[in-house]
1. Give me the number: length gained by fully extending Asp173 to Phe226, i.e. 0.36 nm times residue separation minus the C-alpha to C-alpha distance, one decimal in nm.
2. Just report the Cα centroid separation between segment 279-326 and segment 71-139, whole Å.
3. Residue by residue through segment 373-384, what is 3J(HN,Hα) from phi via Karplus (6.51 cos²θ - 1.76 cosθ + 1.60, θ = phi - 60°)? Round to whole Hz and write x for glycine and proline.
4. Karplus couplings for segment 145-157 from phi (6.51 cos²θ - 1.76 cosθ + 1.60, θ = phi - 60°), rounded to Hz, Gly and Pro as x?
5. Using only the alpha carbon atoms of segment 391-459, find the Kirkwood hydrodynamic radius as the inverse mean reciprocal pair distance, in angstroms to one decimal.
6. Per-residue ellipticity at 222 nm for the chain, helices alone: DSSP H runs ≥ 4 residues times -39500 (n - 2.57), over residue total, nearest 500 deg cm²/dmol?
7. Along each of the three principal axes of the Cα atoms of the chain, give the extent in whole Å, ordering the values from largest to smallest.
8. Pairs Lys201/Lys353; Lys106/Lys157; Lys295/Lys389; Lys107/Lys204; Lys162/Lys210; Lys204/Lys322: which are spaced more than 21 Å apart, C-alpha to C-alpha?
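Bear in mind that the values in this text are calculations on the coordinates, not laboratory data. These numbers were taken from a predicted model, which means no experiment stands behind them. Note that each Cβ is placed from the backbone with ideal geometry, even for glycine, and that neighbours are counted across all protein chains shown.
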Amino acid sequence: MKKVTKTIKIISIAALMLLVSCEISEVNINPNSPTQVPENVILPFAEESIARLMAGSGQVMSGIFVQYYEGIDNHPRQVQQYVVNEALYVEWDWNDYYDGPMINLKKMIDVAKGNGNFYYVGIGNTLLALCLGNVTSLWGDIPYSEALDGANNKSPKFDPQKNIYEAIQTLLDSAIVNFNKTYNGRKPTTDDILFGGDIAKWKKVAYALKARYYMHLTKRSVQLDFNPAQKALEACQNAMASTNDDMQFPYGYSASEYNPFYSFARLGYIIPNISFTSLLSALNDPRKDFYYKKKFGLANLENSYFTSPNSPVFMVTYHELKFIEAEARLRLDANDPLAQTALQDAVRANMTKICGAAIPQSTIDSYVTANASFSGDFENKLKTIIRQKYIAMFASIESWSDYRRTGYPVLTPNPNGDNPQNPGGAIPRRLAYPQTERLYNKNFPTPLPTLQDRFWWDE
């Protein structure tokens, strides 16, 4: 892994600037020790870098796999054929996660613990859990227990994915404990771009992430000593109460920052996949006019709701939580009427968030009645939930996770996707590991997995 990155450099520079400011007497910092960079300097960079990763190449690749997009140029064109270059997008994302927010969050947590600034510990644990969830959803077994130690360990072992999910839940439990504490030290305010220091909202996000990552484990229910659906439902009860609690990154707060998804659309690397546009048209879904535009009569992603320079990045949302609740209730009791209620609440929340006042409430109600009402057996109800979640979670890697664990929505693989890296040509189940890990990490797993090798929760 790279050990020095742009993010670290920025933080170090920011720390030095802080030292020569009028606040130098208030902060006891050794300028030669990056571990002592204060929490309020690290936090905004960590938040922005996570948002950038969640809107970047990882979600583009997963979006191609689940047929939100079609890759037509540059590396996305290769991904469209189920070829994932280990030296390009996966290399960048892997290194940017580990050398960016993950190592910086570990530093922030360590500093905050030493200073007794418990809210920063809680935020750091929550964001680190989110990073781990994203990385393991893309690659499976990943370094963690021996990682994030800079140059002290250049070959960290790859932890089994089961251990990663246990670590995620431990981090989130610790976050909640820290959010419940009171103290007199530094507290986040404007340095917290996501919530402005609103700890009640952070606590809800921690519970929502617990629900998300328990739901990832539904295919492993029989082998676990707990029911993932039950655990997810319990977490839902303490999570977001409305879209006002959504965690999303507000691009546009600075003229120098823009949503990275904008670049993919503007450069014409991807276009809407006809499979997705046909689904929205068949359902007469009003969100289609917000997800993509028509250019010369063809669907185009440029300057849509998610691809303008100032488009927000949805990180954890109320509508996702309600979809999780709907599925959890269905899995626990296929006749629970509250499962359909949660599903319909999810669809309404997402449509209102995306479309705003552009469509009347009556249109939303008609759509919900026609497309978010249960009928048939358990499998048909699950299909209804995941289809609506798939539409609502546009531009999120969570849709790829849902597809792999439920088989929905039903997708037809690219007929040209059979290659040595993806034998058989089915829709990929994972990303390739990056080249630097294969070449330089002595603990790199062997044999080299293909894109069809399933990791633990997908078996």
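1. Gain on extension, Asp173 to Phe226, equals 17.4 nm.
2. 24 Å
3. 10, 7, 7, x, 8, 3, 5, 5, 5, 4, 4, 5
4. 4, 10, 9, 6, 10, x, 6, 5, 8, 8, 10, x, 5
5. On the way: mean 1/r = 0.0727 Å⁻¹.
Averaging 1/r across every pair of different Cα atoms and inverting gives 13.8 Å.
6. Working: 19 runs with 229 residues, N = 459.
Taking each H run of at least 4 residues, the total per residue is -15500 deg cm²/dmol.
7. Largest first, the chain extends 65, 52, 48 Å along its Cα principal axes.
8. Working: Lys201/Lys353 18 Å; Lys106/Lys157 18 Å; Lys295/Lys389 27 Å; Lys107/Lys204 24 Å; Lys162/Lys210 15 Å; Lys204/Lys322 13 Å.
Lys295/Lys389; Lys107/Lys204, as the Cα separations exceed 21 Å there.
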